[in-house]
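Following: one structure in structure tokens, then a few remarks.
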Amino acid sequence: MSYREDLNVFVGGTTGAFKGLKVNERTCIAKNIQSLIAITDDQEITTMAWGDQEEKEILIGSGSKGIPSVKIYDTEYSAFTSSFNCDGGKGKIKGISRFNEAHDFIFSAVITAVETGHVKLWRYNESEQISINAGENLQRMRHSIVNKNIIATGGRENALKLFDLEKQEKVFVEKNVPPDICQLRMPVWVSDLIFLPNTSSVVTASKYGHVRLYDPRSTQRRPLINLEIKDEALTTIAAAHKEKHVVVGSGKGRMNLIDLRNPGKILNTYKGFTGGVTDLACSQLHPLITSVSLDRHLRIHHLETKQLLKEVYLVFSLNAVLLRSNFSLEANTPLLEDNVENTRPISCSTDRSTVTSTATENCVGLHSDYDVEYDEMFNQMPVIDNASDANVTQNKRHYPYKEEATVIDDTLEYDSGGNNKKSRAMKKNRRRSKVR
């Protein structure tokens, strides 16, 4: 079996857990790739990215306390190949990518960006490493697919910037939108950004609910498209299957499809979340959206129909998701037996009906040999008829405390019927006063 037909979804959590999933219309299988015993409380996975176009290796940025680290996982051999500490700057890793240099096809560098704004190009030769300062409070760094020398950064009061790694200089800096009607400056908080496929255009998502499209090739540094989703703090963005369409997620658990064709429009709203959406990924061949959130679920929605196709419970809060470009829910060859080790039961629901799935059971409940065994077991059980139920009811003991009791206060005077004389006299006086 090809490595691309094995695990097709990878997720990372706040606890440092790293899992691979085999998800299709019939099965939901989860595998703990990293041993849970070896994980410490400061190994939170903050970002993940593919290291090559063949999608063989995964770059993982982890660490929430102290010095963050980078791990490289090989999906073909199912093993971690290397790791190193990222001591350039402080804070969590907010972006990671692989930089393949034109003059060196064997050894390629790794790019990392941390919260303090330090973007570093890690080469095997330390004297050739490159460091760029992108500004403090950095929230996201992305690498262009079209031009491998270009990276984009942005953050809290840190405007969108594009850097050329080869020239080590800025090539584009966004210009803020005009002030509001009160002539107050509009705040900037870039929470996530992406390069649109096969273009140099950049789309940003803001914690203030803005979705903005920039074209670095034009002379205009302000956004070409500026949309606002009111009362929503956008946390993540991903390019959709359709051209010039993106999907955004918010901290309130809202997910929308955005049309960036002029003049721009907010389209579908996808439901089913009970926690903030932390990361998104879309299949490039099929209209499918995969999302993870703080409610510990992985969900798959249909881009056009908005239907929730899959909902998988993964025990821990999720920060990042990585999807193969050819991801599909069509059932293919099942997992090899050697790769089913360390799998554990997961809760998976389809069309809002929840069932339990393991490495040998299907989440949709297909007919198998296990159904025949269960039928035989239930047929051998004794049947309890209505006559036996009647005998149980007759022999049932009646307890006096189940009867209704009247509470009597010794300080009051009562008549033979148990009624309070004083309260009855007061009621009569009220009636007389009303008549007068």
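The values are calculated or read from the model by the stated rules, or taken from the named source; none is laboratory data. Everything numeric in this text was worked out from a predicted model, so none of it was measured. Because the Cβ atoms are built from the backbone with ideal geometry, glycine has one as well, and the counts that use them run over all protein chains shown. Calculation scope for accessible area: heavy atoms of the full protein, side chains included, ligands and nucleic acids excluded. Shrake-Rupley method; radii C 1.70, N 1.55, O 1.52, S 1.80 Å.
Any idea how far apart Lys242 and Lys148 come out in nm if each label point goes 7 Å out from Cα toward Cβ?
Placing both labels 7 Å along Cα→Cβ, they lie 3.4 nm apart.
Using r as the Cβ-Cβ distance of Ser108 and Asn198, and R0 as 25 Å, what FRET efficiency do you calculate, to the nearest 0.05?
Working: r = 22 Å, r/R0 = 0.89.
The formula returns an efficiency of 0.65 here.
Whose amide H sits under 5 Å from the amide H of Gln139, counting only residues 5 or more places off or on another chain, with H placed in the peptide plane?
Gly154, Gly155, Arg156
For region 143-266: lysine pairs with Cα atoms under 17 Å, gap of 8 or more or different chains, count?
Lysine pair count for region 143-266: 11.
How much of the accessible area of region 98-218, in percent, comes from carbon and sulfur atoms when a 1.4 Å probe is used?
Solvent-exposed carbon and sulfur of region 98-218 make up 50 percent of the total.
How much net charge surrounds Arg299 when only other residues with a Cβ under 9 Å from its Cβ are counted (Lys, Arg +1; Asp, Glu -1)? It would help to have the intermediate numbers written out before the result.
Values: positive: Lys310; negative: Glu311.
Value of the local net charge: 0.
Within region 1-60, what whole-number % of the accessible surface is contributed by carbon and sulfur, with the 1.4 Å probe and all protein chains included in the calculation?
Working: 1000 of 2170 Å².
C and S fraction of accessible area: 46 percent.
Enumerate the residues in region 303-322 having an amide nitrogen under 16 Å from the point lying 7 Å beyond the Cα of Leu329 toward its Cβ.
303-313, by backbone N distance to the label point.
Could you give the length gained by full extension between Asn32 and Arg185, i.e. 0.36 nm per residue of separation minus their alpha carbon distance, to one decimal place? Walk me through the numbers on the way to the answer.
Numbers: separation 153, 0.36 × 153 = 55.08 nm, distance 4.76 nm.
Using 0.36 nm per residue and subtracting the Cα-Cα distance, I get 50.3 nm.
When the solvent-accessible surface of protein heavy atoms is calculated with a 1.4 angstrom probe, in what order do Glu330, Glu76, Glu174 fall, highest first? Let's see the in-between values first.
On the way: Glu330 115, Glu76 80, Glu174 15 Å².
Final ranking, largest accessible area leading: Glu330, Glu76, Glu174.
Using the Cα centre of region 197-287 as the reference point, and only Cβ charges (+1 on K/R, -1 on D/E), how large is the resulting charge dipole? Debye, rounded to the nearest 20. Please list the in-between numbers first.
Working: 13 positive and 7 negative charges, 38 e Å.
For region 197-287, the charge dipole is close to 180 debye.
Using per-residue counts of other Cβ atoms within 10 Å, averaged over each peptide, order 300-307, 158-165 from highest down. List each step's numbers first, then the result.
Values: 300-307: 16.5, 158-165: 19.8.
Going from most to least packed, we get 158-165, 300-307.
Provide the gained length on full extension for the span Leu267 to Glu157, in nm with one decimal, where the gain is 0.36 nm per separating residue minus the Cα-Cα distance. It would help to have the intermediate numbers written out before the result.
Details: separation 110, 0.36 × 110 = 39.60 nm, distance 2.84 nm.
Residue separation times 0.36 nm, minus the Cα-Cα distance, leaves 36.8 nm.
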